[in-house]
1. What is the residue count in the range 252-272 for residues that are touching a Ser or Thr at 6+ places or on another chain (Cβ under 6 Å) and either aromatic (F, W, Y) or surrounded by 23 or more Cβ atoms within 10 Å (Cβ to Cβ) (or both)?
2. With V213, V245, V257 as the choices, which residue is out of contact with any His (no Cβ under 8 Å at 6 or more places or on another chain) and farther than 25 Å from V390 by Cβ?
3. Would you confirm whether any residue within the range 237-245 is surrounded by fewer than 23 Cβ atoms within 10 Å (Cβ to Cβ), at pLDDT 95 or above and within 17 Å of L5 (Cβ to Cβ)?
4. Filter the range 297-323 for residues that are among the aromatic types (F, W, Y) and in contact with a Lys or Arg (Cβ under 9 Å, 6 or more places away or on another chain) and give the result.
5. So for the range 484-496 (the condition being assigned to a helix (DSSP H, G or I), surrounded by 15 or more Cβ atoms within 10 Å (Cβ to Cβ) and in the same structural domain as Q428 (by TED's automatic domain parsing)), does at least one residue qualify?
6. Given the options A64, A30, A72, name the one that is assigned to a strand (DSSP E or B), aliphatic (A, V, I, L, M) and farther than 21 Å from D172 by Cβ.
7. Report yes if A100 is of a type in the set (G, A, S), closer than 26 Å to W51 by Cα and outside any loop (DSSP other than H, G, I, E, B), otherwise no.
8. Please give the number of the condition A500 fails out of (1) at pLDDT 95 or above; (2) part of a helix (DSSP H, G or I).
Amino acid sequence: MTYLLGIDIGTSSAKALLFDVERAEIRAVAGREYPIYRPTPDQALQKLDDWWAATVEVTRQVTAGGLGEAVASISFSGQMHGTSLFSADGRELHPAIIWADQRTGQEVTELSGLLGAEAYAAIAGTLPAAGFQAATLLWLHKHQPELLEQAAFVLPPKDAVRCRMTGEAAVDVSDAAGTGIFDVSGRDWARTIIQKAGLPERIFPAVKASTAVAGYLLRGAAEEMGLRPGIPVVAGCADQPAQAVGNGLIRPGRGSVTLGSGGQVFIPFERPLGGRVPTDARLHVFNHAVPDQYFVLGATLSAGLSLRWLRGIVGLEGDPEAYARLSAEAAAIPPGAEGLLFLPHLAGERTPHMDSLARGTFVGLSAHHTRGHLARAIMEGVAFSLRQAVEISRGLGAAADTMIAAGGGGESDIWRGIQADVYGLPLQRTLSTEQASLGAALIGGVGAGVYRSLSEACERVVRYGAITEPDAARHAFYEDVYAQYLELYPRLREDFHRLARRSL
């Protein structure tokens, strides 16, 4: 019997998944939550000790009964963008500053101005954003320079946990790309940006392929985790590409759209021969876990969050059937919600506006509109927002003829149908579960030689379910509604900013 251990260091919890290679199925899954510390409202911190304690607990749970003896590899998925600083002897110098930290607005502006927004994105594949490692390090350089002076290396969250296991400091290529200070074409740290920002080059660790063995499980860590020492620990990758591997998105042609609290469009692609990776400052272009591949990542910040907001304000907060009720009511409303449009910018917006002061709004609200109209307008507005990412991706050469539906919103028949009609693309459900942890396990299997490639791993493991095809007539109808949707943000932008500043 051969098992692969995939560990996901998420924002709210650590999760471990034990994968049975011979049966090509998940043997066990366990999760444990940990806190986010907020000393001030704009700060978001986590501690390596919390990540480690959770990792130990969930590993012991999934390997109970002696299963740990058959673990062939350990690998990771993890929350992106965060910053953990360590001394030369491996001590955490400060709690990790994670992606949700919002203290770095001024530093984001300064970084973008170093080269100009387009030139910066052409190197890093993204503009800097609050919570990204680039902006966090610049903030520390200005406000707590002694930390950078003491630091021997800086790591994203999952790499910090892996370093605790192996004693080796390194970052995989996908998480390095997510820092906002990495040259995605050169697959190395963006030294021009680092130097212009005045950051110490010595703290940036070695960059590894996601499938590379990054070290071996130390005896002390093995004893805590209930495993044998010497197990190969594979670098792993950021959560988005790990989820993509778990969904089988390892070559161009398929993409995914994930509807959780936020919404993400993920489309893999290969860069043109002999050229730099094409980029667009309105979204993220990062290195994939698949060797020599990249992915476009577009994000809307309030996808399922918008429907959750509606659930709260219409009095369904405690109803376990709330989302089923809202979906049924939305399904009874015709496309276009009878003249109602929704902009889903409840928490500002990423793609395509990159505007923290953008705000949500219903346009066209009338006395005949019901709760079902509001629910349908929200579902359509989120789909329109994500379609913008799909279209920008096409302009970069990252096209998909089928989209995999993932996340809680992908379980709603009506929301999948709306998306298929809005995008004009079929949406297919995956039969995989726990895709990020599963992707991590499969990456570990490649690194340990259990599989020859990620292609082989996914062909053996990933299975797909039903396809929701777009309806031609509804797609044609949505083309007109989408065109009107595109006009709203530019028209309302200044009003959003005035109102947002008034409320601060």
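The values are calculated or read from the model by the stated rules, or taken from the named source; none is laboratory data. On a predicted model such as this, the values are computed, not experimentally measured, just so you know. No Cβ is skipped: glycine too gets one built from the backbone with ideal geometry, and neighbour counts run over all protein chains shown.
1. Count: 4.
2. V213
3. So far as the range 237-245 goes, no, none of its residues is surrounded by fewer than 23 Cβ atoms within 10 Å (Cβ to Cβ), at pLDDT 95 or above and within 17 Å of L5 (Cβ to Cβ).
4. Across the range 297-323, the qualifying residue is only Y323.
5. No, every residue in the range 484-496 fails to be assigned to a helix (DSSP H, G or I), surrounded by 15 or more Cβ atoms within 10 Å (Cβ to Cβ) and in the same structural domain as Q428 (by TED's automatic domain parsing).
6. On inspection, the qualifying residue turns out to be A30.
7. So A100 fails the test.
8. (1)
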